[in-house]
Amino acid sequence: MFDVSTIAIILIVLYLLSSIKILREYERGVIFRLGRVLAEPKGPGIILVFAPLDRIVRVSLRIDTLEVPAQDVVTRDNVTVKVNAVVYFRVLEPRLAIIEVSNFLYATSQLAQTTLRSVLGEVELDELLSQREKLNVRLQSILDQHTSTWGVKVTMVEVKQVDLAEQMIRAIARQAEAERERRAKIIHAEGEYTASTKLAMAAEVIQKQPAAIQLRYLQTLVEIGTEKNTTIVFPLPLDIIASLGRALDRAGTPPEAAAGGSKSA
């Protein structure tokens, strides 16, 4: 039979073995000794936790992901949307994360929901849809300012999805279509203006150099000839047609009218 000393030694060895704790590289242990927290967290590696005098709370230092559920947000221009987001954060001070707040995960989640509603309620729908990066930075700054006292660092906030009503989607589609039509009309008008300006400049050049119109006729014939068609184009200057018209008018005038005109003159 074992004597008392042997049993005591066995119990002490078992107690010491049970006091050995192993913390991973990304873990820290906040130790409460007789109800008082130690100044520095323990870990990583092998540490000793002497129960029941000591109590350990494990805290992970890895970046954690928190999904903010869909929130009903009324924008500044009175449009109701559903918005959800994702928050990335990590614990920098394990001691503060355990002492300053009862549950830093739940607290961060609730703070993210209220901040999301308040910040997005101050912007218009167009800004929410087009300037999402700016809003993400603003959300991250506000959350990090409040969670820094808990030893929690918010590294990134991303607005994940914005759900609109069907009527609003159709209204936005009509607005986009009208905007595209407006741009198309402006581009067409600018093209017409540019073309008319160039034609006016060409007319001035032709007026100064009448032979330029003949060169243009020849260039047109060369372009038509390269297409291998049977169309024959004969260029007829407009001044020749005007001269023929005046000659026909003189030929059709009666001699009496011409003589009377000369006498009256």
> Do the conditions hold for Val123, that is, is it outside the structural domain of Glu27 (by TED's automatic domain parsing), at pLDDT 90 or above and surrounded by fewer than 16 Cβ atoms within 10 Å (Cβ to Cβ)?
Replying inline: no
>> Just to be sure I understand, how many residues within the stretch 4-60 are exposed (fewer than 10 other Cβ atoms within 10 Å of the Cβ), more than 51 Å from the chain's Cα centre (by Cα) and small (Gly, Ala, Ser)?
In response: 1
> Looking at the stretch 185-200, is at least one residue in a helix (DSSP H, G or I) and buried (at least 16 other Cβ atoms within 10 Å of the Cβ)?
Replying inline: no
>> Looking for something part of a helix (DSSP H, G or I) and in contact with a His (Cβ under 7 Å, 6 or more places away or on another chain) - is there at least one such residue anywhere in the stretch 111-124?
In response: yes
>> Just to verify a result, which residue in the stretch 130-155, among those that are among the β-branched types (Val, Ile, Thr) and part of a helix (DSSP H, G or I), is nearest to Glu100 (Cα to Cα)?
In response: Thr149
> Only one residue in Ile46, Ile63 is among the hydrophobic types (A, V, I, L, M, F, W, C), over 26 Å from Ser109 (Cα atoms) and modelled with pLDDT of 90 or more. Which one?
Replying inline: Ile46
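Of the residues Glu158, Glu127, Glu177, which is farther than 21 Å from Asn78 by Cβ, of a type outside the set (Gly, Ala, Ser) and in a helix (DSSP H, G or I)?
One residue alone meets the criteria, Glu177.
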>> Would you confirm whether or not the stretch 153-164 contains a residue that is modelled with pLDDT of 90 or more and on the phi > 0 side of the Ramachandran plot?
In response: no
> Of (1) exposed (fewer than 12 other Cβ atoms within 10 Å of the Cβ); (2) β-branched (Val, Ile, Thr); (3) within 27 Å of the chain's Cα centre (by Cα), Ile172 satisfies all except one. Which?
Replying inline: (1)
> When you go through Val83, Val101, Val68, Val30 one by one, which is the residue that is of a type in the set (A, V, I, L, M, F, W, C), touching a helix residue (DSSP H, G or I) at 6+ places or on another chain (Cβ under 7 Å) and in a loop (DSSP other than H, G, I, E, B)?
Replying inline: Val101
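Yes or no, residue by residue, for (1) under 23 Å from Lys153 (Cβ atoms); (2) touching a residue at least 60 places away in the same chain (Cβ under 8 Å):
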position: Ile7; (1), (2): no, no
position: Lys21; (1), (2): no, no
position: Arg24; (1), (2): yes, no
position: Ile31; (1), (2): yes, no
position: Ser60; (1), (2): yes, no
position: Asp77; (1), (2): no, no
position: Ala85; (1), (2): yes, yes
position: Phe104; (1), (2): yes, no
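The values are calculated or read from the model by the stated rules, or taken from the named source; none is laboratory data. As the structure is a prediction and not an experimental result, all values here were calculated from the model. Ideal geometry is used to build each Cβ from the backbone, glycine not excepted, and the neighbour counts take in all protein chains shown.
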